[in-house]
Amino acid sequence: MRTRIPLLCLLSFLVMVSTSITAGTPRVISVTADKDNMFKIPGQKMPVITLKANEVIQLRITAIKSTEWDKDGTIHTFTINALKDQGWDLRLKEGTHTYTLAAPADPGEYVVECTVKCGAGHDDMKMRLVVTP
Ligand SMILES: [Cu+2]
């Protein structure tokens, strides 16, 4: 009996801490725009990002140069045409950069594509964003 109250206190404290962490810190999602002109997500067979509507995330993209690039130094882009005006149009320079983005309010499937000619396979350099309600 004596140990129950402290244990409950500890548990509720832990719940509070973890709740504030999940509410306050956006998820970090890592993507590689690779040298073979494919989007990849570490640990996933297919590169798909699944977000809740309006969820704010940190998108951490590592871009690796292929055989062609834009004259301004952009080596790939991470572009969703339907969401360009919401910031989903990232011109990627070599290296790893982090972008804060919000998922759209409308659930559905969106196609991510690269819009810079990056070499063989560029036309198929696509991945999906799935937005759930
Ligand atoms: Cu490309």
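Just so it is clear, none of the values below were taken in a lab; they were calculated from the coordinates. This is a predicted model, so every value here is computed, not measured. All Cβ positions, glycine included, derive from the backbone under ideal geometry; neighbour counts span all protein chains shown.
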Item to check | Dipole in debye (nearest 20) - segment 26-132, about Cα centre, beta carbon charges: Lys, Arg +1; Asp, Glu -1 | outcome: 320 debye
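For a quick check: sort ARG128, ARG27 by the number of other beta carbons within 10 angstrom, fewest at the front.
On the way: ARG128 15, ARG27 12.
Going from sparsest to densest Cβ surroundings: ARG27, ARG128.
Among ASP124, ASP34, what is the fewest-to-most ranking by other Cβ atoms within 10 Å? Kindly include the intermediate steps, with their values, before the conclusion.
Working: ASP124 10, ASP34 19.
Listing ASP124, ASP34 from fewest to most nearby Cβ atoms yields ASP124, ASP34.
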Next on the checklist: Can you tell me which aspartates and glutamates have their Cα less than 13 Å from the Cα of LYS65? Leave out same-chain residues fewer than eight positions away.
Outcome noted: ASP34, ASP36, GLU94
Checklist entry - By count of other Cβ within 10 Å, fewest leading, how are LYS84, LYS117 ordered? => result LYS84, LYS117
Checklist entry - Considering only DSSP states other than H, G, I, E and B, which chymotrypsin sites (Phe, Trp or Tyr not before Pro) in segment 23-110 qualify as loop sites with at most 13 other Cβ atoms within 10 Å? => result none
Checklist outcome for this item: Amide H contacts under 5 Å for GLU94, restricted to residues at least 5 apart in sequence or on another chain and with H modeled in the peptide plane, are ILE75
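Could you state the per residue volume, in Å³, of the convex hull enclosing the Cα atoms of segment 26-132? Spell out each step's value before the answer.
Working: hull volume 9.7 nm³, N = 107.
Enclosed volume per residue, from the Cα hull, is 91 Å³.
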